[in-house]
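The structure under discussion appears below in the form of structure tokens.
What follows is calculated from the coordinates using simple rules that are stated; it is not laboratory data. The structure presented is a predicted model; accordingly, all values stated were derived computationally and were not measured. Here the Cβ positions follow ideal geometry from the backbone for every residue, glycine too, while neighbour counts run over all protein chains shown.
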Amino acid sequence: MAKTKSIHGEWSSRFAYILAATGSAVGLGNIWKFPYITGENGGGAFVLVYLGCVLAVGIPIMIAETMMGRRGRQSPINTLSTLSTEASVNKNWHYLGWMGVIAGVLILSYYSVIAGWASAYVFKAIFGGFSSDAMQVKASFDELIASPLQLIFWHTAFMIATMSVVMRGVRGGLEKAVQLLMPSLFVLLIILVGYAMTTGEAYFQGLSFLFSPDFSEIDSDAVLTAMGHAFFTLGLGMGAIMVYGSYLPSGVSIAKTTLFIAGADTIVALLAGIAIFPLVFANGLEPGSGPGLIFQTLPIAFGNMTGGWLFGVLFFVLLVFAALTSSISLVEPVVAWMVENRGFTRVKASVISGIAIWVIGVGVALSFNIWSEFKIFDKTIFNFLDDLTAKVMLPVGGFCIAIFAGWMMQQKHVKDELDMPEQQYQIWKFLVSYVAPAAVFLVFLHVLGIF
Ligand code: PHE
């Protein structure tokens, strides 16, 4: 019989869950990563592939992952053990939980370094204000990432912030952190879009870059990047949404909440793109300039606009908080597991996992400067971890989740948990059993040159 409650507690309401799960989804992936990978992959066609993946692959898998979490009511590792027993399938499925836990640790190690950049920009915004000159803005970014000490300092600060929220547990920590921040971030993005509209010609160039697809820009790696990003931005395939689902009170509709969360996540990413690309074109910058893109463009807007000082400070503060509400979901699976299986207190589990992640993150920070020549499979530590997680671990994890929900679990258990109208259930069931796994599989075959 399925458990009715997690030992770690529960969200206080449906609304609290929506905030937390939206907090997990909306983060650096939307505002930092989406624009720069769109820039690197030629714009419109990439955006379309990404949107297609969100719809056909992301949403069905998100429903599946949340459903499995709520049915198992434990960390992803133990949830998968429980569910495979319930479904009388091979116990090895719990390794899927392990892969997720490891992916979360690896993602957070670089996520924290980038969140550190955003934190450094809060202070740049407060004390220096931003220059309206593109060259100076770029020089200031280059100076930051060339400094191991600054990067490690901000990475450390961000990890401490993350772990101190996680220590406080489901209601005390996770919930409180998100309530005000998400809506405010949204408002600030709208203000930035408003500024982008003042760039005249460049505004339309930006829109056309984002929304008129040119499929000659797309190769198999771009398709994999877009699909991997659909997983990354929704926070899928590694147990984050599974563990959040395990704290979801019974009776809340998983399908409806998922549609809301995925919709909000997509809108935030598109708004970020609409705010950023006009600035790229207005200032003669390169869309494909890589991970520094938002740090080299948005400050120009703040440097130019009236009230720019205040908006600049607010924007980077909110970006750091958006990152924080995602980072707590990245460690929650491993922390929950340590509490369940090792008998650690939340505090001890948080400290131990925090230190391990911090150490890897130091390597990531150095890969932007003194270790930039150190390569794993021809990639810097940052690029390697980013590719390994977003292009391999999350899609593989998502694929397995789809197979588990679509083929392994007993239908009556799935239906019980999802509790949705029959027709909608059938659509979901088709997407999760056939469309999503086939899409992931074909993209992999394509990348490997087999298809
Ligand atoms: N979705 C988050 C973002 O877009 C990152 C994340 C990935 C969170 C995986 C949880 C799990 O920034």
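List of remarks:
- For the chain, the mean residue ellipticity at 222 nm estimated from helices alone is -22500 deg cm²/dmol, where every DSSP H run of n ≥ 4 contributes -39500 (n - 2.57) and the total is divided by all residues, rounded to the nearest 500.
- For the stretch 14-447: lysine pairs under 16 Å (alpha-carbon distance), excluding those fewer than 8 apart on one chain: 7
- Divided by 2.2 N^0.38 Å, where N counts the residues, the Cα radius of gyration of the chain comes to 0.94.
- Projected label distance in nm at LEU51 and ILE450, using a 7 Å step from Cα toward the beta-carbon: 3.2 nm
- 0 to 90° range, to nearest 10: angle between helix 254-282 axis and the chain longest Cα axis: 20 degrees
- Loop-located trypsin sites (Lys or Arg not before Pro) in the stretch 1-65 (DSSP state other than H, G, I, E, B) with a sparse environment of at most 13 neighbouring Cβ atoms within 10 Å: LYS5.
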